[in-house]
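What follows is one structure encoded as structure tokens, with my remarks underneath.
Rule-based calculations on the coordinates, nothing more; no lab input. Quick caveat: nothing in here was measured; it's all calculated off a predicted structure. As a convention, Cβ positions derive from the backbone with ideal geometry for all residues, glycine included, and neighbour counts pool all protein chains shown.
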Amino acid sequence: QQQQQQQEERLLKVLVIGDLGVGKTSVIKRYVHQVFSQHYQATIGVDFALKVLKWDHQTVVRLQLWDIAGQERYGNMTRVYYREAVGALVVFDMTRLSTFQAVIRWKGDLDSKVALGNGRPVPAVLLANKCDQRGQGLCSKLPKLESFSKEHGFMGWYETSAKDDTNIDAAITCLVESIMAVEAELTVAAGNDVVSGQPDSGVLVLPRLQHYDAQERELPGCNGCPSLRPKRRHAK
Ligand code: GDP
Ligand code: MG
């Protein structure tokens with residue numbers, strides 16, 4: 001019985017990056033609190049929100065979403081911000097071409113400042129946000145996102161709307177699936193050697209949790225993710 005209750009907890013630091021005003025804060029608020037507002041304060045600094053996911057019978061994922069505010073205009077962040085991140089959402093605004101062009105810069109900044117234990121880039125998913133405004137602006141000038149996202153090493157891409165709650169869940173689920181799959185590969189590659197698997201993998205295994213009170217839900221699975229089939233960890 002004790003065996004059954006044994007739970008492993010994984011803390012995943014996930015960065016949400018992209019130009020000012022693309023909807024980073026809105027995506028996080030929608031995902032974590034199920035709300036949307038026209039006005040989010042561009043508070044200066046780094047903020048983070050936590051979402052607790054039941055991954056499988058023995059694993060709880062604590063997803064830490066790191067928001068940024070104020071520094072986006074420079075198109076890069078400090079190494080301290082990127083430190084120990086295991087994944088990223090790169091967001092642009094479908095109605096503003098300049099924010100799409102900035103995606104390459106953000107992805108480059110990410111890859112130059114953080115990597116997984118074996119030197120692989122951290123999984124990243126591309127969000128074409130504000131798809132509720134599809135008819136407006138420059139959407140029609142966007143290149144094919146499928147080839148773009150492959151070319152630039154994204155695990156997947158989604159047209160999202162924080163306003164209408166379109167694909168926010170799917171996109172973040174895709175990212176978590178990718179992170180967990182990569183992490184499982186790393187563990188296998190390390191021969192399940194706990195010492196060599198830590199702490200460079202960036203996945204922190206925390207002591208067993210007695211209870212947790214943040215929002216909790218089942219993962220719906222990674223349906224929409226174009227480039228990855230879910231690889232779930234199963235209880236032994
Ligand atoms: P951030 O600077 O990247 O954090 O962007 P915010 O989350 O503050 O959003 C900037 C503006 O875009 C705000 O007025 C939001 O209400 C709006 N916004 C964010 N996401 C969406 C969306 O999906 N659709 C629409 N129509 N507006 C959005
Ligand atoms: Mg913001």
R0 = 45 Å: FRET efficiency of Asp47 with Val188, Cβ-based, nearest 0.05?
0.80
Rounded to whole Hz and in sequence order, give me ³J(HN,Hα) for the range 118-123 from the Karplus expression 6.51 cos²θ - 1.76 cosθ + 1.60, θ = phi - 60°, writing x for Gly and Pro.
8, x, 6, x, 6, x
Please work out how much length the chain gains when fully extended from His33 to Gln6, using 0.36 nm per residue of separation minus the C-alpha to C-alpha distance, in nm with one decimal.
6.9 nm
Estimated FRET transfer efficiency (Gln133, Thr78; beta-carbon r; R0 25 Å; 0.05)
0.20
Nearest-0.05 FRET efficiency for Asp164 and His57, computed from C-beta distance (R0 25 Å):
0.15
Quick check on my link table: of Lys54/Lys107; Lys13/Lys144; Lys51/Lys144; Lys24/Lys107; Lys51/Lys113, which ones sit more than 22 Å apart, alpha carbon to alpha carbon?
Lys54/Lys107; Lys13/Lys144; Lys51/Lys144; Lys51/Lys113
